[in-house]
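The values are calculated or read from the model by the stated rules, or taken from the named source; none is laboratory data. This structure is a prediction, so every number in the text was calculated from the model and none was measured. Glycine gets a Cβ as well: all are built from the backbone with ideal geometry, and neighbour counts include every protein chain shown.
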Amino acid sequence: MEKLRRFFYENKRDIFKIIGIVAIILIFIQLLNQVAKRKNAEQENAKRSVDYGRDISEVSNEKKSSKLYERETSLLKTFTDYCNMKYYEEAYSLLSDECKEALYPTVERFKYDYCDLNFTNPKTCGFQVWSGDTYKVEIRDDIMSSGKYIKEKYAEDFYTIKNGKLNIAKLIERIKFENTQSEGTFKVRIDTMDIFKDYTIINISAINQSKKTAILDPMLSDRNIYITDNNRVNYYFSVSELSKEDVTVKPGQAKQIPLKFYTTSREGLKLETLTIKKMIENLDNYEQGLNYSYTEANLEL
């Protein structure tokens with residue numbers, strides 16, 4: 001023990017030098033490991049952006065030209081970058097007029113209803129051609145912020161490019177109508193049709209020019225209101241989406257009513273007609289089991 005103590009005191013300067021050198025080497029190794037991990041994470045993040053940003057349509061399996069794909073995804077990336085950076089007005093300026101009319105009439109509405117739901121924390125987004133000018137968008141937590149990458153965990157949206165602007169939240173397009181209405185004192189007028197990826201909303205005005213309360217749909221069956229496509233397939237109005245009060249129209253009232261139908265947007269699909277088989281013109285008589293009149297509407301889309 002005495003020899004060990006004497007050795008330490010006689011060589012303590014060299015010993016401290018060695019300890020210092022070892023400590024520096026260990027710290028340097030740790031720094032290298034951190035740099036390597038960060039670089040690997042960046043490479044993985046970049047790799048994912050390429051891996052799930054593809055230029056081949058999931059629907060038709062057709063390849064989009066590289067220049068067009070690059071130009072379109074640049075627009076998508078600019079939009080999602082603005083959302084990430086919380087540049088709400090800049091992001092809002094990239095939305096199409098029809099998207100603003102249908103979903104986000106103000107910047108504040110866009111912020112609360114879209115950005116606050118999808119971009120609460122930093123995200124990375126991948127873009128896959130879905131069909132035509134529509135892209136599937138995978139919105140994931142940013143690996144550099146979360147430190148995790150879970151392949152199966154992401155939010156999915158669909159963006160459609162219209163004249164250099166974007167329809168988001170799965171809106172494919174909005175179609176406006178003029179003078180498309182039925183006849184009679186209780187009639188319907190089609191105002192707009194909003195086609196989303198998984199459903200369609202037809203916005204109508206129900207106009208009651210009589211002195212009696214009317215109802216668009218007695219809500220007893222989901223087969224009273226439907227739309228028909230070019231393959232003669234019917235899609236029925238989702239009765240659960242509205243209440244009886246929503247479809248009741250008072251005397252002299254013109255009431256806007258959104259009719260939702262679960263369709264799947266796909267290439268070649270064309271919605272051709274809207275049918276309302278029984279529009280009750282006298283609700284009181286109908287509910288009391290008395291004689292009542294009704295009219296039917298068949299309108300081209």
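Criterion first (at pLDDT 95 or above, of a type in the set (V, I, T) and within 30 Å of L269 (Cβ to Cβ)) does I56 satisfy it?
So I56 fails the test.
Among the residues in segment 185-201, are any in contact with a helix residue (DSSP H, G or I) (Cβ under 7 Å, 6 or more places away or on another chain) and outside any strand (DSSP E or B)?
No, segment 185-201 contains no residue that is in contact with a helix residue (DSSP H, G or I) (Cβ under 7 Å, 6 or more places away or on another chain) and outside any strand (DSSP E or B).
Pick from segment 115-138 the residues that are in a helix (DSSP H, G or I) and in contact with a strand residue (DSSP E or B) (Cβ under 9 Å, 6 or more places away or on another chain): which of them is surrounded by the most Cβ atoms within 10 Å (Cβ to Cβ)?
So the residue we want is N118.
Quick one: what pairs do we get from segment 54-69, first residue in contact (Cβ under 8 Å) with a residue 60 or more places away in the chain and of a type in the set (S, T, Y), second outside any helix (DSSP H, G or I) and exposed (fewer than 12 other Cβ atoms within 10 Å of the Cβ), C-beta under 7 Å, 6+ apart or different chains?
From residues that are in contact (Cβ under 8 Å) with a residue 60 or more places away in the chain and of a type in the set (S, T, Y), the pairs are S60/E267.
Which condition number does F196 fail, the rest of (1) crowded, with 19+ Cβ neighbours inside 10 Å; (2) at pLDDT 95 or above; (3) outside the structural domain of D246 (by TED's automatic domain parsing); (4) not hydroxyl-bearing (S, T, Y) being met?
Among (1) crowded, with 19+ Cβ neighbours inside 10 Å; (2) at pLDDT 95 or above; (3) outside the structural domain of D246 (by TED's automatic domain parsing); (4) not hydroxyl-bearing (S, T, Y), F196 violates only (3).
Can you pull out every residue in segment 65-87 that is over 22 Å from the mean Cα position of the chain (by Cα) and in a loop (DSSP other than H, G, I, E, B)?
Within segment 65-87, just S65 meets the criteria.
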